[in-house]
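Laboratory data are not the source of any read-out in this text; all were calculated from the coordinates shown. Quantities reported herein were computed from a predicted structural model and do not represent experimental measurements. Here the Cβ is made from the backbone with ideal geometry for all residues, glycine too, and neighbour counts use every protein chain on show.
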Amino acid sequence: MEKILSKMGKKVDSAELYHYRTAFQVVKYENGKLNELDSSIQSGYSLRILKNKTLGFAYTKNLINPDKLIDGALDSLKANIKTNFKFPSQNKIPRLNTYNPEIEQVNSLIVTNECRRINEFLRTKLDSKIDISAEFGTINVNIQNTRGLELNYRASLYILVCSAIFPNTASGLHYIFSNKSFSKVNLKMLNKFAEFYQMAKPIKKLKSGRMKVLFLPATLYVLLWRLGSGTNGSNIYYKKSPLVNKLNEKIFSEKLTIYDDPLNDEYPLARAFDDEGTSCRKLMIVENGILKNFYYDLFYADKMGVSSTGNGFKSATWGSEIAALKPTPSLENIFIKPGNKSLNELISSIDRGIIVGGVLGAHSGNIINGDFSVGIEPCIYVEKGEILCRVKNTMIAGNIYEVMKNVVDVENELHPVFMFGKALPAILFDDIMVISSK
Amino acid sequence: MIERLKSFLSKLDGVYADIRYEIKTETKVVFSGKEITEISSCPTDGFVLRLLKNRSLSCVTFTEEKDFERALKMATKNAQAMAKNNRIPVDFARVKIVKDSFIPELNEDPERVSIEEKIELLRHYNKIPYESKTTIHTDFTYSEVIREKFFVNTEGSEIREKLVTTRIAGTITSSDGKIIQTVRAGIGGSNGFAILRNREDEFVRKTEIANELLKAKPVTGGVYNVILNQNLAGVFTHEAFGHFSEADLIENNPSMRRRMKIGARLGAEILNIIDDPTTPGQLGFYKYDDEGVPAQPVQLLKNGVLMGRLHSRRTARAFRELPNGHCVAEDYRYPPIIRMGTIYIQPADKKFEELIQILGDGLYLCDSMGGQTSGENFTFGAQFGYIVKNGKITEMIRDINISGNLSETLNNIGAIGNDLKLCEVGGCGKGQMNIRSCYGSPHILIKGVIVGGR
């Protein structure tokens with residue numbers, strides 16, 4: 001890597017080389033049987049260069065021919081992408097606890113046994129199809145640039161998702177567990193999960209109308225996806241966000257405090273620096289309902305004349321080869337401040353409403369305007385504070401800038417999630433349009 | 001490369017194994033607004049090793065050749081661990097040994113078109129939306145993905161295939177200062193660069209729609225009779241029905257498997273659905289899947305009755321049905337999984353005008369904004385639509401997502417048009433992104449669809 005950078009140093013004003021290496025194993029345990037044990041060892045390199053305030057980019061998986069990578073980056077200068085940003089030079093970053101060496105001792109047999117234990121426990125409680133998938137492994141990232149920056153990131157991850165599938169569907173309720181290495185799932189938590197499933201089993205029909213809607217933590221991504229779009233520094237720069245001139249204005253209920261906290265290493269995959277080597281920090285997005293910040297990478301921060309917030313990550317909605325991605329503004333570590341009601345208390349406070357157990361079609365619709373219109377699957381109906389049944393063929397629709405003003409309460413506990421958030425509470429909203437077939 | 005892959009596998013004895021090496025070169029030009037924000041043209045590569053041992057299948061993907069021994073050890077260990085467990089025993093359906101090298105015939109090879117010309121073409125199309133005063137932003141990408149695949153297995157198959165996918169796709173964003181609307185536009189295919197030339201119409205039409213949507217009303221939620229245009233009906237076919245003709249999605253789900261029995265009546269008698277990746281020229285074309293099995297057309301639904309499903313070698317054997325070459329990977333980072341190739345509703349006899357007359361009152365919904373399914377239920381978005389009154393198309397509506405139940409909806413298809421159209425820009429994100437996933441349909445009329453609305 002040093003050779004490439006020293007070669008580049010002579011040809012351009014500055015250069016940055018990003019290298020990653022990941023090793024992961026996947027265990028899939030479906031309907032009581034082990035169905036899949038797969039592994040992957042992936043690595044790659046990305047090179048960014050700055051010459052006469054012009055940005056170039058190239059990448060490769062195998063560094064067999066470094067000159068080809070260099071030529072690719074030089075060639076890309078033709079695009080004439082102008083910028084004033086400089087690669088960061090500081091090396092002082094906080095030390096975070098992201099790696100548990102015990103991960104190296106975890107193997108597919110240990111994880112398979114855990115899947116079997118969970119399956120056997122749930123089988124005694126539920127007659128549903130139970131699917132369990134687990135993934136574990138390590139991520140190594142190294143970023144170097146010709147301004148003297150050299151940073152290493154090592155993280156370990158163990159994540160397990162347990163799904164109880166409703167009959168005649170491929171949808172169900174999900175329990176998510178994550179850690180920095182293997183640890184056993186608490187059976188008490190699984191018991192709660194099983195009880196919840198049982199209550200939601202009978203199927204009935206529902207009359208359409210406006211009612212209370214409780215989003216479980218893993219379904220809040222529908223709303224956070226749209227907020228992420230609205231506060232993304234690139235969308236602010238291109239003025240394609242309803243929030244362009246709304247900083248320090250009240251946009252949501254005062255019960256909502258939403259922030260990005262890459263430094264919180266209580267959960268796996270905390271980050272002290274982003275994929276450009278900028279130090280990460282806790283960034284308040286919405287505090288007590290008031291819009292506090294937009295988030296930026298180096299490129300769009302420069303466009304807007306502000307500093308990067310340390311949110312330049314190589315991320316893509318649909319996943320992609322990491323090396324091929326350029327850093328873009330990205331919220332990777334969203335938390336929502338817990339409220340003061342338990343999940344049971346939230347449910348008890350619903351006179352008539354639904355619980356969103358899962359959603360269909362979160363990616364469709366006019367995301368940048370904040371609109372959502374999604375199928376609810378499973379949809380659990382609550383009346384007079386009691387879970388009554390599951391309802392089929394149901395949709396909810398709205399706009400986050402209206403809906404998120406109507407928060408009844410926020411749950412007092414955080415749960416790990418893996419899409420558009422790190423750890424979130426359940427949130428009860430009022431007055432959402434629910435459409436159901438007759 | 002084939003010889004190198006063969007030498008890897010020659011170290012194995014008494015087991016089935018296959019190895020795929022791929023070089024994927026992606027050329028990208030990205031416009032964000034009126035500026036270019038990326039140009040890149042970089043090759044990436046990697047290996048996918050699959051091992052079938054003791055009736056257990058394991059897959060390891062790896063980047064560097066030096067990791068082959070490590071990958072083999074991992075695959076062996078995983079297969080052994082599976083054999084010791086209560087796993088689902090795996091066997092492969094038998095297929096013919098294939099030795100072939102297939103390079104598609106292209107209508108203008110994109111590799112011979114200079115990057116400057118690609119930039120200029122994209123710049124030209126990207127300018128069109130800005131002729132409308134309400135356009136506030138565009139995001140358009142020229143993308144050219146060339147996959148050169150080398151496949152070898154221990155049965156003796158040796159296949160080289162090249163897949164070339166080109167497209168220009170993105171979004172046009174309009175605003176009147178109060179609301180923001182986004183419309184997708186895209187052109188492309190698998191048979192060369194020529195399909196991207198002289199296509200101004202697409203960008204002009206989508207610009208008009210982005211502008212008109214600012215005046216459109218949000219749809220009122222409710223249950224409607226609807227006509228879906230070809231693109232939207234294609235997504236419906238893919239999401240609502242297609243995924244459940246993929247054997248891997250139902251094989252371990254006993255209740256779904258009972259419902260998807262061959263011979264079961266699943267839809268209206270007028271409904272015929274086929275998946276056919278073998279016709280050259282369309283987006284979904286390929287000759288061999290990533291298990292080395294020749295792609296075959298599969299009649300999925302005939303007169304509303306389930307006739308077939310899409311298989312890998314493993315599921316074909318498990319279901320005691322014939323393999324049909326539908327096991328495809330996104331690239332060298334993934335094992336192949338069962339995918340649709342080109343799925344479409346086969347055309348019937350109704351002209352579009354006749355369908356509108358039959359509909360009488362209802363909604364005419366157009367162009368997909370993506371969709372998702374959960375087994376019995378599905379949801380997908382329409383980019384725009386119109387209210388139909390007394391057999392006449394009237395005002396435009398927006399913010400449309402529709403939802404339904406698979407079996408009810410297939411039975412509620414009341415009429416099918418004669419105007420089949422396949423998509424040029426597809427895609428399916430079943431765990432991996434398949435950019436060549438192609439779908440299509442003629443216009444169709446469906447009764448009693450739930451439409452979400454505020």
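A few remarks follow.
- What the Cα convex hull of chain B gives, in volume per residue, is 149 Å³.
- Centroid-to-centroid separation of the stretch B:18-64 and the stretch B:319-367 [C-alpha atoms, Å]: 26 Å
- Percent of Cα-Cα distances greater than 20 Å, calculated over the stretch B:233-356: 43 percent
- Counting only alpha carbon atoms, the long axis of helix B:200-212 and the longest principal axis of chain B meet at about 60°.
- Each listed q (0.07, 0.08, 0.09 Å⁻¹) maps to a log10 I(q)/I(0) for the protein assembly as shown from the Debye sum over equal C-alpha point scatterers, namely -0.54, -0.72, -0.96.
- Percent of Cα pairs exceeding the 30 Å cut-off, where the set is chain A: 49 percent
- Here r is the Cβ-Cβ distance between A:Glu402 and B:Glu269 and R0 is 35 Å; the resulting FRET efficiency, rounded to 0.05, is 0.20.
- Calculated mean residue ellipticity, 222 nm, chain A: -5500 deg cm²/dmol, from DSSP H runs (n ≥ 4) at -39500 (n - 2.57) each, averaged per residue and rounded to 500.
- Nearest-ten-degree value, helix A:187-199 long axis tilted from longest Cα axis of chain A: 60 degrees
- Each Lys and Arg contributes +1 and each Asp and Glu -1, all at the Cβ; summed about the Cα centre of the stretch A:1-195, the dipole is approximately 760 debye.
- Semi-axis lengths, largest first, of the ellipsoid equivalent to the stretch B:39-115 are 36, 19, 10 Å, with √(5λ) applied to each eigenvalue of the Cα gyration tensor.
- Entry for the stretch A:1-195 at q = 0.12 Å⁻¹: log10 I(q)/I(0) = -0.74, Debye formula applied to identical alpha-carbon scatterers, no solvent contribution.
- With viscosity 0.692 mPa s and temperature 37 °C, the Kirkwood radius over alpha carbon pairs of the stretch B:1-215 converts through Stokes-Einstein to a diffusion coefficient of 160 µm²/s.
- Computed FRET value (nearest 0.05) for A:Arg95 with A:Arg147, which takes r as the C-beta separation and R₀ as 30 Å: 0.85
- Shown here for the stretch B:13-56: trypsin sites (Lys or Arg not before Pro) in loop regions (DSSP other than H, G, I, E, B) with at most 16 other Cβ atoms within 10 Å, namely B:Lys34, B:Arg55.
- Between helix A:66-75 and chain A: long-axis angle, C-alpha atoms, 0 to 90°, nearest 10: 90 degrees
- When A:Met189, A:Met199, A:Met8 are sorted by how many other C-beta atoms sit within 10 angstrom of their C-beta, beginning with the fewest, the order is A:Met189, A:Met199, A:Met8.
- Treating each Cα of the stretch A:202-437 as one equal point scatterer and applying the Debye formula with no solvent, the log10 of I(q)/I(0) at q = 0.07, 0.16 Å⁻¹ comes out as -0.23, -1.12.
- Dipole of chain B [Lys/Arg +1, Asp/Glu -1 at C-beta], most positive-end residue of B:Ile416, B:Thr134, B:Leu196: B:Ile416
- Around the Cα centre of the stretch B:238-277, unit charges on the Cβ atoms of Lys, Arg, Asp and Glu (plus for the first two, minus for the last two) sum to a dipole of about 380 debye.
- Theoretical FRET efficiency, 1/(1+(r/R0)^6), r = Cβ-Cβ of B:Asn390 and A:Arg352, R0 41 Å, to 0.05: 0.65
- Among A:Ser234, A:Ser307, A:Ser279: highest mean-square fluctuation, GNM of chain A, C-alpha pairs under 10 Å: A:Ser307
- Calculated [θ] (222 nm, deg cm²/dmol) that DSSP helices of n ≥ 4 give over chain B, each run adding -39,500 (n - 2.57): -5500 deg cm²/dmol
- The simple spin-label model puts a point 7 Å past each Cα toward its Cβ; for A:Lys33 and B:Phe102 those points are separated by 3.1 nm.
- Under the combined filter of DSSP loop state and at most 15 neighbouring Cβ atoms within 10 Å, the stretch A:387-438 retains these GluC sites (Glu not before Pro): A:Glu413.
- Alpha-carbon centroids, the stretch B:237-275 and the stretch B:373-436: separation in whole Å: 17 Å
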